[in-house]
Amino acid sequence: MKKILVIDDQPQISRILADVLIKSGFQVDVANNGEIGVSKTREFKPDLIFMDIMMPVKNGFEATREIRNISEFKNTPIIFLTAKGQTTDIEEALA
């Protein structure tokens, strides 16, 4: 079973996304900020990560950089969830 980690500080978004993914047959774990998300990535070993950008403690860009520095997760797909749409945000997400 494929594992997906949802990292988002909005509980209602995390819950809805997790419910849909679980009903689709995925194993899901949730973290409510980037720092916890990095720890859960190491423990849960997800095949895919949904990552919010604007979060307390450690934002999505910071968490992604930290996750990418762990060799095991260098190529794990990360999908950003955000209301931000400025060109600089898109460029940073793609980097």
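Could you list, in sequence order, the residues of the range 1-32 that are assigned to a loop (DSSP other than H, G, I, E, B) and under 20 Å from residue 63 (Cα atoms)?
8, 9, 10, 32
Out of the residues in the range 30-57 that are touching a strand residue (DSSP E or B) at 6+ places or on another chain (Cβ under 7 Å) and of a type in the set (A, V, I, L, M), which is nearest to residue 17 (Cα to Cα)?
Step one: list which residues in the range 30-57 are touching a strand residue (DSSP E or B) at 6+ places or on another chain (Cβ under 7 Å), which gives 30-31, 34, 37, 40-41, 44-53.
When the remaining residues are screened for being of a type in the set (A, V, I, L, M), the result is 30-31, 48-49, 51, 53.
Numbers: 30: 10, 31: 12, 48: 13, 49: 12, 51: 12, 53: 16 Å.
It comes out as 30.
Any residue in the range 69-81 that's charged (D, E, K, R): show its pairings with residues that are open to solvent by 70 Å² or more (accessible area, probe 1.4 Å) at Cβ separation under 9 Å, as long as the two are six or more apart or on different chains.
What qualifies is 72/42; 72/45; 74/68.
Would you pick out the residues in the range 12-54 that are open to solvent by 20 Å² or more (accessible area, probe 1.4 Å) and charged (D, E, K, R)?
Result: 15, 19, 23, 29, 35, 40, 42, 43, 45, 47.
Please specify each residue of the range 21-44 satisfying the condition of being within 12 Å of the chain's Cα centre (by Cα) and charged (D, E, K, R).
29, 35, 40
All but one of (1) open to solvent by less than 70 Å² (accessible area, probe 1.4 Å); (2) in a loop (DSSP other than H, G, I, E, B); (3) among the β-branched types (Val, Ile, Thr) hold for residue 57, so report the exception by its number.
Of the numbered conditions (1) open to solvent by less than 70 Å² (accessible area, probe 1.4 Å); (2) in a loop (DSSP other than H, G, I, E, B); (3) among the β-branched types (Val, Ile, Thr), the odd one out for residue 57 is (1).
Residue 29 versus (1) touching a residue at least 40 places away in the same chain (Cβ under 8 Å); (2) touching a Phe, Trp or Tyr at 6+ places or on another chain (Cβ under 6 Å); (3) among the acidic types (Asp, Glu): which is the lone unmet condition?
For residue 29, the failing item is (1).
From the list 76, 41, 88, which residue is in a helix (DSSP H, G or I), modelled with pLDDT of 95 or more and among the hydroxyl-bearing types (Ser, Thr, Tyr)?
Result of the check over 76, 41, 88: 41.
The values are calculated or read from the model by the stated rules, or taken from the named source; none is laboratory data. Given the structure is predicted, the values throughout are model-derived calculations rather than measurements. Cβ coordinates were reconstructed from backbone atoms using ideal geometry, including for glycine residues, and neighbour counts include every protein chain displayed. Ligands, DNA and RNA are stripped out before the accessible areas are found, and what is left, the full protein with its side chains, is counted by its heavy atoms. Shrake-Rupley method; radii C 1.70, N 1.55, O 1.52, S 1.80 Å.
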